Every structure is written in structure tokens, then in C-alpha cells.
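Everything below concerns the one structure shown next.
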Amino acid sequence: MYIRRQQGRNRIWTARIRAGLAGVLVVALLLAASAGVLAAEKRVLKVGSDLTYAPFEFLNDKNEYTGFDVDIIRAVGKALGWEVQIINVGWDGLFAGLVNGNYDCVISAVTITPERAKTMSFSTPYYTAETGQVIVVRKDERTIKKPQDLAGKVVAVQINTTGQYAAEGIQGIKQIKTFNTTPEALQDVMNGGSQAAVIDSPVAEEFMKQHPGANLMMAGPPFTHEQYGIVVRKNDKALLAQINKGLELIRKNGEYQQIFQKWFGQGKK
Ligand code: ARG
């Protein structure tokens, strides 16, 4: 009798536990489902960049995307609660890919120019420390000290950069050779194919630091003054406002300063 009652109770308990477990399961499933929905809703910011441009965007030894710009856009994404996906694209097709909708924005050490601003929209500048065009020559070069000295010379540039545009503004250059990447332009100077390259000063500095045996030097200080901005499609005002908000947030919370320090040290602003 007692035993049977016990069995009866056990059955009741088993049933209750089952019901309880089922309930827990339902709640867990609901949670998982809503988490899935939330995950799906988390905005993905697709970013195009030409990762041949240390220290702004490049691949490290482990082939990971890294650099000042990479850190900045990831921090902006984090501040906005967005996921950031970086897509490595050749510089020459970078703006066409943006217009095509292959990605939402570009961060690639892009100089803000009035000409570009006619066809695309720039964020507030995110890099305003010293950057501009410098002339890079072999260490044994004696005749080139300033832009005018490039008259009669062969000059290497990365195609469609402000380096190319600056060179085009110098009188009497014999030939402007365009390359897909800045390291290739510098290589041509090293090889003797060109007598000079015209490129962004922080990239020149970084290249010489990374390749002490390259036998290159800068001929004079930067002769233009430039600022970099994040680029969105001309009419993408909503995204532009968000990106500007993100930039403001990371300047306020100290992250910008941290990233700047990491890549450029305390020497510069
Ligand atoms: N600042 C220069 C320009 O806007 C060169 C930028 C090149 N950037 C790069 N990731 N390759 O024209």
C-alpha cells in the first residue's frame, strides 16, 4: 500500500518535472529565437579598403587586417553597436565598388579633396596630423630637393592618388609612371626605373622604417597638407551622420586617442 502510494507520488513528480523541463525548454527556445532575431538585426557595416598602405591599412604577418584606419572603423562600429566587415579591394576600383554598392563606406587613407567631394561624401576628418605629399628618392640622389627639381625626371605614383595629382601639377616632369600600389611605386625608385616617388608622408616614413635596407630617403618636407576622411556614397546622408556620430563618440570616450598613440606614438597630435 505504502509502496504503491510512493510509486503514485513518484509518477506525479515525474510528470511535474517533465512539464517543468518542457517549460524551460520552451523558454530557452524562445530566448534563442529572439537572440537570433537580434543577431540578424545587428547592422553589418561593410567597409572597402586597399590594404597595401601601412600604417593605415595592411596585412600583418598572420595575414590579419590591421592598421590605424582598421582600428578606427572597428571602434566606430563598436560605438554604434554595429558589426564591421572589411573588404580588401584594389585602390583603383575602390570608389567604383562603393558606388556599385559592394560596401557601404571606404576607409583607406582617402584625402578629402573638393574634386572628390563632388561625387562622394566625406565624414569629418579622422586623421588631421601631419600628412601630405613627400618626394622619396634613392639615398644617392643629389639633384632632387624640392618639387620643381622633378622637372625632366621620371616620377612614380600610386594611380589616382593625390600623389599623382600633385605630380601632375609640377611643371616639366618627363614621365609620371602609375602603379596599383604605393609599395610598387617605391620599388620602382629602388630599382632605378624612376628617380622619385610622390606619396603620403606617413606611408613614406613607415616604409623606410620597415625596410631599413631600402636605400630610400625623403627629399624635403611634405609640400601639400591633407586630411583623411571616411567616404560614403554621395547621397547616403543617414550613414554619414551615423559615422560622424561614431567618430565623435570615440573621440569623447578616449578610444581615438588610444588608437592614435598605438600607431603614431605621442610625438604627433
Ligand atoms: N591619400 C592619398 C589619396 O587619397 C592616397 C591614399 C591611398 N590609400 C591606399 N589605401 N592605397 O589619394
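The table below gives the values:
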quantity: Subset of Lys139/Lys262; Lys153/Lys209; Lys46/Lys118; Lys209/Lys237 violating a 31 Å alpha-carbon distance limit; calculated: Lys209/Lys237
quantity: Under 5 Å, built H, 5+ apart or other chain: amide partners of Ile173; calculated: Gly152
quantity: Alpha-carbon centroids, segment 118-196 and segment 231-246: separation in whole Å; calculated: 30 Å
quantity: Loop sites in segment 61-139: GluC sites (Glu not before Pro), DSSP, at most 16 other Cβ within 10 Å; calculated: Glu64, Glu130
quantity: Phi to ³J(HN,Hα) by Karplus 6.51 cos²θ - 1.76 cosθ + 1.60 over segment 103-112, Hz, x for Gly, Pro; calculated: 8, 8, 8, 10, 10, 7, 6, 7, 6, 6
quantity: All aspartates and glutamates inside 16 Å of Lys42 as judged from Cα atoms, apart from same-chain residues fewer than 8 positions distant; calculated: Glu83, Asp104
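Every number in this text was worked out from the coordinates using simple rules, so none of it is lab data. Source: prediction; values computed, not measured. Neighbour counts run over all protein chains shown; Cβ positions are idealised from the backbone, glycine included.
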